[in-house]
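Asks: Input: one structure, supplied below.
The values are calculated or read from the model by the stated rules, or taken from the named source; none is laboratory data. Because the structure is predicted, anything quoted here is derived from the model rather than measured. Here Cβ is always computed from backbone atoms with ideal geometry, including for glycine, and neighbour counts include all displayed protein chains. Areas reflect the complete protein model, heavy atoms only, side chains present, ligands, DNA and RNA absent. Shrake-Rupley method; radii C 1.70, N 1.55, O 1.52, S 1.80 Å.
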Amino acid sequence: MSATGLIASFIATGRLYGIGIGSTLTALQQAIDFDFVDVVDEDGDSMRRDYGFIEFYLNLDQDWRVSGGSIELHRLAVRSDIADRWCVAMRDRFPQYLTWDELYNEFSNLPDAPSLQNIDQGDFQEYRASETRVSVLVSNDHEERDEWLGHGDVWSISVG
C-alpha cells in the first residue's frame, strides 16, 4: 500500500499500522520499529511518543494506552531525511508534500469511506471524519508552495 493509501485508511478507520485509540504501548512497540523519543508529563500519567513526523499520545491507567496520534506531514517539507529513514525501516515512502486533492482521491475510492465534515479554520481547512475521530488539516493560506507547504497541501492528520 502506498503511504497515501495508508493515510487514507487512517482517516477511514482511525488506525495507523493497526494502532488506534485504546491500543497498548506493547502493541505500538510491535507495530512500529523506528527510533523515537518519549516525553512523559510531570505527573507521569501521560506521554507523547515522537517518531519524528508521527506521534502517539498515551495515558497511563493500569498500562499505557493510546489516546490519540498524528501524522505531522508539514515536518517533511523541510526534513525529507526523516521520510527516507522511515522508508528504510517501515517500507512506506511518505511524500515531502501531499495535496488534499491527491489524498481525497485515494480516500474517496475506499469502500465504506466515512463522510467528512468540512470546517473552515481560517488558515486551515479541516476535514473531519466524526465516525473515526480523525481530522485532516489542509493549508488554506493561499500561498504558493516553495520550500514550505502551499495552499491545498496537507498539514497533518490526527485522531483523538
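Asks: Can you work out the accessible area per residue across the chain, with the rest of the protein chains kept in place, probe 1.4 Å, in square angstrom? Write out the running numbers ahead of the final one.
Replies: On the way: 8350 Å² over 160 residues.
Heavy-atom SASA per residue in the chain reads 52 Å².
Asks: What trypsin sites (Lys or Arg not before Pro) in the range 57-139 are in a loop by DSSP, with at most 16 other Cβ atoms within 10 Å of the Cβ? Numbers along the way, then the final one.
Replies: On the way: sites: ARG65, ARG75, ARG79, ARG85, ARG91, ARG93, ARG128, ARG133; in loops: ARG79, ARG91, ARG93, ARG133.
Those that pass, being in a loop and sparsely packed, are ARG79, ARG91, ARG93, ARG133.
Asks: Give me the distance between the Cα centres of the range 15-48 and the range 67-105, rounded to whole Å.
Replies: Using only Cα atoms to place each centre, the spacing works out to 18 Å.
Asks: In whole percent, and with a 1.4 Å probe on the protein chains, what portion of the accessible area of the range 30-109 is carbon and sulfur? Each step should come with its number before you reach the end.
Replies: Values: 1830 of 4390 Å².
For the range 30-109, the apolar C and S fraction of the accessible surface comes to 42 percent.
Asks: For ILE54, what residues show an amide H to amide H distance below 5 Å, using hydrogens built from the backbone and excluding near sequence neighbours?
Replies: Counting only residues 5 or more places away or on other chains, the set is GLU72.
Asks: Using only Cα atoms, tell me the angle between helix 3-13 and the longest principal axis of the chain; keep it within 0 to 90° and round to the nearest 10.
Replies: Tilt of helix 3-13: around 70 degrees.
Asks: Moving to a separate point now. Taking amide H atoms as placed 1.01 Å from N in the peptide plane, list the residues 5 or more away in sequence, or in a different chain, whose amide H sits under 5 Å from that of TRP64.
Replies: Excluding prolines and chain starts, which carry no amide H, the hits are LEU25.
Asks: Separate question: Set the Förster radius R0 to 30 Å, insert the Cβ-Cβ distance between VAL88 and ASP38 as r into 1/(1 + (r/R0)^6), and round the FRET efficiency to 0.05.
Replies: On the way: r = 22 Å, r/R0 = 0.73.
Once the sixth-power term is evaluated, E becomes 0.85.
Asks: For VAL78, put the label point 7 Å out on the Cα→Cβ axis and report which residues of the range 38-55 keep their amide N under 17 Å from it.
Replies: Only 52-54 pass the distance filter.
Asks: Which FRET efficiency, nearest 0.05, do GLN30 and ASP146 yield, Cβ-Cβ r, R0 35 Å?
Replies: Working: r = 40 Å, r/R0 = 1.13.
Calculated value: 0.30.
Asks: Thinking of the chain as a set of Cα atoms, what percent of all their pairs are more than 22 Å apart?
Replies: On the way: 5331 of 12720 pairs.
Across the chain, Cα pairs with separations above 22 Å total 42 percent.
Asks: Springs between alpha-carbon atoms under 10 Å, Gaussian network over the chain: tell me which of ASP43, ASP61, ASP141 tops the mean-square fluctuations.
Replies: Ranking ASP43, ASP61, ASP141 by mean-square fluctuation puts ASP43 first.
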